[in-house]
Amino acid sequence: MKKMILAFCLLLILSNYTKAQTYVTIPDSNFVGWLNANLPTAMNGNQLNTSDTLVTSLINMDVSNDTIYDLTGVEYFTSLKYLNCSFNRLTFLPIVSNTIQTLDVSFNEIDSLLQLPTSLRNFACGQNSIDTLPTFPSFIKTIDCH
């Protein structure tokens, strides 16, 4: 009985000291390179630790001019307010956090956009192949879609 109680206490103590880590695969090698260079503790090869403090607290992300084809994984950055992914090779934009206030997707190869976050205030999407724009959030301030 004493061994069972001791084992239970030890298990309880260890569970309080281990932080759950959830990893997702980032498919784009150039995005992986940016993440490894800028958030090395959140990365393990091409795996992003979505529970890392850097991922959950990052406010500004500028991945412009990095020849990125796929931003899959950006949706886990739940505190982002500014995202500049202009001058890349994106053909689509994954769903982004509803905290985004400024989003620049200019000079890519995007042909359609999903619904934009309601938090969005500034949006730029010029020099893409977008035929139809989604409904803009009611509080948007600037739109640049030349």
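The values are calculated or read from the model by the stated rules, or taken from the named source; none is laboratory data. Remember, it's a predicted structure, so these values are computed and weren't measured experimentally. Cβ sites come from the backbone with ideal geometry, for glycine too, and all protein chains shown count toward neighbours. Quick note on the areas: whole protein, heavy atoms, side chains included, nothing else; ligands and nucleic acids left out. Shrake-Rupley method; radii C 1.70, N 1.55, O 1.52, S 1.80 Å.
Given that compact globular proteins tend to follow 2.2 N^0.38 Å, what is the ratio of the alpha-carbon Rg of the stretch 70-138 to that value? Could the numbers behind the result be given before it?
Numbers: Rg = 10.9 Å, N = 69, 2.2 N^0.38 = 11.0 Å.
The reported ratio for this selection is 1.00.
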Solvent-accessible heavy-atom area per residue, rounded to whole Å², over the chain at 1.4 Å
58
Nearest 10, in degrees from 0 to 90: the angle of helix 29-38 to the longest Cα principal axis of the chain is 60
Of all the accessible heavy-atom surface of the chain, with the other protein chains kept in place and a 1.4 Å probe, what percent is carbon and sulfur?
57
As a test of reading the structure, rank D70, D111, D28 by solvent-accessible area (1.4 Å probe, protein chains only), most first.
D111, D70, D28
What base-10 log of the normalised intensity I(q)/I(0) is obtained for the stretch 104-146 from the Debye formula, alpha carbons as equal point scatterers, at q = 0.35 Å⁻¹?
-1.36
The chain: radius of gyration over Cα atoms, expressed as a fraction of 2.2 N^0.38 Å
1.33
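How large is the charge dipole for the chain, taken about the Cα centre, if only the Cβ atoms of Lys, Arg (+1) and Asp, Glu (-1) carry charge, to the nearest 20 debye? Show your work: numbers first, answer last.
Numbers: 7 positive and 11 negative charges, 187 e Å.
For the chain, the charge dipole is close to 900 debye.
Run through the stretch 78-146 and list the chymotrypsin sites (Phe, Trp or Tyr not before Pro) located in a DSSP loop whose Cβ has at most 14 other Cβ atoms within 10 Å.
F139
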At a 1.4 Å probe radius, which order do M61, M43 fall into by accessible area, largest first?
M43, M61
Leaving ligands and nucleic acids out of the surface, order K81, K141 by accessible area at 1.4 Å, largest first.
K141, K81
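Taking only C-alpha pairs under 8 Å that are 6+ residues apart, what is the relative contact order of the chain in percent?
Normalised by residue count, the contact order of the chain is 15 percent.
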